[in-house]
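Here the structure comes first, spelled out in structure tokens, and everything after it is commentary.
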Amino acid sequence: MPSPPPIALHPRADAFRASLGCRSIVLVGMPGSGKSSIGRRLGQRLGLRFADADHEIERAANMTIPEFFQSKGEAEFRKGEQKVIARLLENGPQVIATGGGAFMNEETRARIRERSISIWLKADLETLMKRVRRKSNRPLLQTADPEATLRNLLVAREPVYAEADLCITSAEVPHEEVVEAIVDRLGATLHEPQA
């Protein structure tokens, strides 16, 4: 599958970056909400570095996330995730995609609130299921009934995700449309000057 074409820099990218200051943009949401692919495109659109917290954890641990879960367990993974996100937030401004459970940690939420603008990429169960079926690297969904597991996670996590600064619907549309919706909302939130 060929890579998507590069995304053009937004005409007011400099103004967006100036309004952010040292803050990052942090994407939160369920597995399959598009945090990594949308985050990468958003970074290109705004001329910001992109960091995927899950990839950073894999690099630091020298193993995949499923391997980490299997060898060390979820509790150890969450500790590592917390450290990685804290480190990434010190390196702003950038766009950071977090793992689905990262925002559930109260300390991580507080750090995100202090050092970034958080965006919940909200997707419905049907959309999430379509997307997560494409990948087998989601340890929490390696169950007899992944849809029921995902539904339960959604019920538990949505009230916490709702604490994010912005909520953007991540529907089955081209990711560029979601990126533009984020840019529009950020423009209003950051009160950046109109051209």
Cβ-Cβ under 8 Å pairs, at least 6 apart or on other chains, region 99-114 side under 17 Å from Gly39 (Cβ atoms), far side of a type in the set (S, T, N, Q) and part of a helix (DSSP H, G or I) = Ala102/Gln82; Ala102/Thr108; Thr108/Gln82
ask   = Within region 21-34, is even one residue assigned to a helix (DSSP H, G or I), modelled with pLDDT of 85 or more and out of contact with any Pro (no Cβ under 7 Å at 6 or more places or on another chain)?
value = no
remark   = The lone condition Ala162 fails out of (1) loosely packed, with under 14 Cβ neighbours inside 10 Å; (2) modelled with pLDDT under 95 is (2)
inquiry  = Just to be sure I understand, how many residues within region 39-52 are assigned to a helix (DSSP H, G or I) and touching a Lys or Arg at 6+ places or on another chain (Cβ under 9 Å)?
reply    = 2
remark   = Filtering region 101-114 down to residues that are farther than 15 Å from Ala51 by Cα and out of contact with any strand residue (DSSP E or B) (no Cβ under 6 Å at 6 or more places or on another chain) yields Gly101, Met104, Asn105, Glu106, Glu107, Thr108, Arg109, Ala110, Arg111, Arg113, Glu114
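The values are calculated or read from the model by the stated rules, or taken from the named source; none is laboratory data. Just so you know, these numbers come straight off a predicted model, no measurement behind them. We place every Cβ from the backbone using ideal geometry, glycine too, and count neighbours over all the protein chains shown.
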